[in-house]
Amino acid sequence: MTQTETINRQLVLAQRPKGEPTKDTLKLVEAAIPSAGADQMLLQTEFLSLDPYMRGRMSDAPSYAAPVEIGDVMVGGTVAQVVTSKVEGFAPGDWVLSFNGWQDYALSDGSGVTNLGKSPAHPSWALGIMGMPGFTAWAGLTRIGAPKPGETIAVAAATGPVGATVGQIGKLLGCRVVGIAGGAEKCAYAVNELGFDACIDHKADDFAEQLAKASPDGIDVYFENVGGKVLDAVIPLLNPNARMPVCGLVSQYNATKLPDGPDRMNWLMGQILRKKIKVQGFIIFDDFGHLYPEFAKEMSAWIEGGKIKYREEIIDGLENAPDAFIGLLKGENFGKRVIRVGQN
């Protein structure tokens, strides 16, 4: 099922999932390729980003963004090429960062689209280290976490596109970095390749004890993107005046009810009060969009200088996106997961 010049394959939301998305959540349909009208351009999708936030868009629960309606194309960031253009500043053959969603072709008036030029070295990186995940790591850590040299940073999903970047920036800022990941292979990668001081397997029976041992001076910054038992183990280790940037809670996205056990809300609020912990959620482009040029300049220099490593997991075929997304929510990805939609 390869991309063609005659059919626009689209993955539309067929039903709202209860718990984990299934093979019935999205439906692959075929439509005509649209034609660009006045002040429009036709974009051909080359790469589709898969990100945990997409699970929230499948739900109609109140959130910071409108849900995808039943029958609509699933939303998603993309890297595309311009096929035809009647938009100033965009010409056929240009690579662009866009929001085509889960489909082969889309029309755009240029709003929110970034021109990447005719021959970017790594076009898909605009969806990862140079895009939303990298920017989330940089802004959340530096603006909310505000780590000082010598402090300890803990980050979950340590080999994912956000966590891996958080940890590497933390090392560049002179901090001790403790990663948390699922499995020995990922933990070894965090330490041996990314330079973390330690990485703890959250699947271990004595996970909380191992985390405490790896954080002898406590934790000053916890970059939260997982929640669940990882958060439970981190909270007692937070130092007075600790900071917690919150960009996600992936372990909870498929939950259909509150977890079993006692209500821990009062315990958590007591910890926040007594330790004067700063907890701040953020939506990257809503809160820090104006800082993107500063991020892009600094991150580009780090990458060119070999100071930041980036791991990308490319899966071929738009038709494979649903299964790849389901696996992403289960933590099966190793690095940034991207779907190669086109043939370039």
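Once the dipole of segment 227-303 is set up with Lys and Arg at +1 and Asp and Glu at -1 on Cβ about the Cα centre, which of Gly227, Asn254, Phe282 lies farthest towards its positive end? The residue sitting farthest along the positive end of the dipole is Gly227. Looking at the square roots a ≥ b ≥ c of the eigenvalues of the Cα gyration tensor of segment 49-138, which shape do they give, rounded for a/c under 1.5, prolate if a/b is larger than b/c, or oblate? Oblate, because a/c is 1.5 or more while a/b does not exceed b/c.
Based on DSSP H segments of at least four residues, each scored -39500 (n - 2.57), the chain has a per-residue ellipticity at 222 nm of -7000 deg cm²/dmol. Of the trypsin sites (Lys or Arg not before Pro) found in segment 222-271, those that fall in a DSSP loop while having at most 15 other beta-carbon atoms within 10 Å are Lys257, Arg264. Taken per residue, the accessible surface of segment 15-125 reaches 48 Å², heavy atoms only and a 1.4 Å probe. Angle, helix 265-275 long axis vs. longest principal axis of the chain, Cα atoms, 0 to 90°, nearest 10? Approximately 70 degrees, to the nearest 10.
Taking all protein chains into account, the per residue accessible area for segment 179-248 stands at 39 Å² (1.4 Å probe). Charges were assigned to the Cβ only: +1 to each Lys and Arg, -1 to each Asp and Glu. The resulting dipole of the chain about its Cα centre is roughly 860 debye. Taking a ≥ b ≥ c as the square roots of the eigenvalues of the Cα gyration tensor, an a/c ratio of 1.5 or more together with a/b no larger than b/c marks segment 271-344 as oblate. Counting only heavy atoms of the protein chains and using a 1.4 Å probe, Lys86 has close to 120 Å² of accessible surface. Just the protein heavy atoms count here, and of the accessible area of segment 113-271 at 1.4 Å, carbon and sulfur take up 57 percent.
Of Gln3, Leu194, Ile70, which is farthest along the charge dipole of the chain in the positive direction, counting Lys and Arg as +1 and Asp and Glu as -1 at C-beta? Of the listed residues, the answer is Leu194. Computed from Cα atoms, the angle from the helix 292-304 axis to the main principal axis of the chain rounds to 80 degrees. Is the C-alpha gyration tensor of segment 239-290 telling us rounded, prolate or oblate? Criteria: a/c under 1.5 is rounded; beyond that, a/b larger than b/c is prolate, otherwise oblate. Oblate shape, in that a/c is at least 1.5 and b/c is the bigger or equal ratio.
Segment Thr114..Gln15, full-extension length gain: 32.5 nm, with 0.36 nm per residue of separation and the alpha-carbon distance subtracted. Using the Cβ of Lys275 as centre and a radius below 12 Å, the other residues enclosed give a net charge of +3, where K and R count +1 and D and E count -1.
The values are calculated or read from the model by the stated rules, or taken from the named source; none is laboratory data. Treat the numbers as computed from the prediction; the structure is a model and nothing was measured. Reconstructed Cβ throughout: ideal geometry from the backbone, glycine too, with neighbour counts over all protein chains shown. Surface areas here come from the heavy atoms of the whole protein model, side chains and all, with no ligands, DNA or RNA. Shrake-Rupley method; radii C 1.70, N 1.55, O 1.52, S 1.80 Å.
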